[in-house]
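Take a look at the structure set out below.
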Amino acid sequence: MTLTFSINDSQRLHLQPLQMPTRLLLGPGPSNAHPAVLQAMNTPPVGHLDPTFLGLMDEIRSLLRYVWQTENLTTIAVSGTGTAAMEAAIANAVEPGDVVLIGVNGYFGHRLVDMAGRYGAEVQAIHKPWGQVFSLAELRTALETHRPTVLALVNAETSTGARQPLEGVGDLCREFGSLLLVDTVTSLGGVPLFLDDWGVDLAYSCSQKGLGCSPGASPLTLSARAMEKVEQRKTRVANWYLDITLLEKYWGPDRVYHHTAPINLYYGLREALRLIAEEGLATCWQRHQQTAEYFWEQLADLGLTLHVEKAFRLPTLTTVCIPEGVDGKAIARQLLNEHNIEIGGGLGELAGRVWRVGLMGYNSQRESVDRLIHALKEVLPIQ
Ligand SMILES: Cc1ncc(COP(=O)(O)O)c(C=O)c1O
């Protein structure tokens with residue numbers, strides 16, 4: 001049989017077994033997975049309906065409830081990255097014509113606006129400059145004006161480094177009959193979260209940041225109130241793959257095949273969550289805070305300033321202002337090429353104005369900071 005497309009001898013000779021550089025990933029994500037997580041992912045897979053795998057899924061569910069501080073029965077990992085979990089939250093909570101109020105103070109708020117619109121929502125957006133957050137009074141006014149079915153907020157805006165406080169927002173949402181949907185992609189595992197105490201109805205996250213795993217198995221949780229809304233839908237969820245009712249038939253007691261789970265990623269996620277439980281969630285949050293504060297002190301010594309005021313600064317993601325006259329992209333390239341350290345550049349409004357440095361999960365340790373500061377001292381033209 002003649003192949004239409006073939007690889008010639010010279011190409012074949014150049015194909016080597018996979019070899020990739022070892023980088024210190026201090027950008028907005030992914031972060032380096034914990035070595036024990038990489039080892040767990042290297043375990044030979046079992047089948048996705050194997051009783052031992054189903055037991056592992058149950059462990060993932062209860063560990064996710066722990067890291068989110070929720071008792072939500074509907075708590076799963078979506079097979080896909082954080083965006084898939086974001087889409088699952090929107091696709092299930094929103095029906096065509098629903099009013100969805102979205103707080104936009106960075107890139108991911110815009111993504112929520114785009115997504116909710118695609119599911120037929122009547123989107124109402126409120127805006128804040130990138131790096132600032134919404135006050136309870138501002139949220140109250142917006143809820144009063146728009147009376148939305150869903151209020152969506154980004155708890156940790158990775159594009160700005162700002163932490164949106166959530167205390168009291170759930171009570172406000174109850175007052176106006178709205179569901180509270182929260183993006184915790186850059187907070188889960190690294191920033192205190194109390195979903196039940198704060199009255200959060202839907203939340204999603206990712207595996208590759210504060211949890212210290214590889215990307216591809218993304219936490220999603222829905223409260224009983226959110227599930228009531230799902231059950232009362234007049235229209236079917238427009239996304240088959242992300243329909244929570246179908247997914248629950250696999251994750252719940254029915255154990256019905258839905259899709260082939262990415263087995264090894266779930267091994268990794270389970271190990272990452274186990275490590276957090278072993279460390280203790282409160283200690284893990286504290287480690288993130290202490291590492292970030294150590295980093296901020298070192299940056300101040302270098303004469304560098306930060307974009308977000310301290311009260312709302314995320315410990316997981318710091319936006320560092322690029323000094324006048326410095327080529328931010330060139331510095332990031334040098335860090336990568338000469339020091340094997342990845343940091344991120346600014347997005348949207350902050351493009352060219354900030355570097356984004358992530359200290360998340362396994363990477364949230366003083367050694368990461370020391371390596372980066374040492375490298376910055378070598379590549380920065382002004383100090
Ligand atoms: C706040 C926020 N939401 C959503 C996402 C999307 O997640 P992913 O890139 O894993 O699809 C990201 C990614 O960095 C994020 O930072």
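The values are calculated or read from the model by the stated rules, or taken from the named source; none is laboratory data. This structure is a prediction, so every number in the text was calculated from the model and none was measured. Cβ placement follows ideal geometry from the backbone for every residue including glycine, while neighbour counts extend to all protein chains displayed. When the accessible area is computed, the model is the full protein with side chains, heavy atoms only, and any ligands, DNA or RNA have been set aside. Shrake-Rupley method; radii C 1.70, N 1.55, O 1.52, S 1.80 Å.
Miscellaneous remarks
- Taking the listed residues Leu63, Leu56, Leu112, the one that is surrounded by 20 or more Cβ atoms within 10 Å (Cβ to Cβ) and within 30 Å of Tyr267 (Cβ to Cβ) is Leu63, with no other qualifying.
- Any hit, the range 6-23, residues being in a loop (DSSP other than H, G, I, E, B), farther than 30 Å from Gln208 by Cα and of a type in the set (Gly, Ala, Ser): yes
- Output for the range 96-121, where each listed residue is over 20 Å from Ser187 (Cα atoms), in contact (Cβ under 8 Å) with a residue 12 or more places away in the chain and out of contact with any helix residue (DSSP H, G or I) (no Cβ under 9 Å at 6 or more places or on another chain): Pro96, Gly97, Val113, Gly120
- Residue that is of a type outside the set (Gly, Ala, Ser) and buried (at least 22 other Cβ atoms within 10 Å of the Cβ), where the choices are Leu304, Leu281, Leu299, Leu269: Leu269
- Scanning the range 99-135 for residues that are within 15 Å of the ligand (Cβ to nearest atom) and farther than 17 Å from Ser159 by Cβ turns up just one, Ala116.
- In summary, Ala226 fulfils each of the numbered conditions (1) touching a helix residue (DSSP H, G or I) at 6+ places or on another chain (Cβ under 8 Å); (2) closer than 25 Å to Gln132 by Cα with the single exception of condition (2).
- With respect to being of a type in the set (S, T, N, Q) and either more than 17 Å from Gly161 (Cβ to Cβ) or touching a Ser or Thr at 6+ places or on another chain (Cβ under 8 Å) (or both), Gln298 falls outside the description.
- Checked against the criteria, Val67 counts as of a type in the set (A, V, I, L, M), part of a helix (DSSP H, G or I), in contact with a helix residue (DSSP H, G or I) (Cβ under 8 Å, 6 or more places away or on another chain) and not assigned by TED's automatic domain parsing to the domain that holds Ala292.
- Residue match in the range 235-246 (condition: assigned to a helix (DSSP H, G or I), open to solvent by less than 10 Å² (accessible area, probe 1.4 Å), out of contact with any helix residue (DSSP H, G or I) (no Cβ under 8 Å at 6 or more places or on another chain) and not basic (Lys, Arg)): no
- For the range 130-150, a residue qualifies if it is under 28 Å from Ala351 (Cβ atoms) and within 21 Å of the chain's Cα centre (by Cα), and the qualifying residues are Trp130, Gly131, Gln132, Val133, Phe134.
- Residues that are open to solvent by less than 10 Å² (accessible area, probe 1.4 Å), under 30 Å from Glu122 (Cα atoms), touching a helix residue (DSSP H, G or I) at 6+ places or on another chain (Cβ under 6 Å) and at pLDDT 95 or above do occur in the range 77-84.
- Some residue of the range 24-32 being surrounded by fewer than 21 Cβ atoms within 10 Å (Cβ to Cβ) and farther than 23 Å from Leu314 by Cα: no
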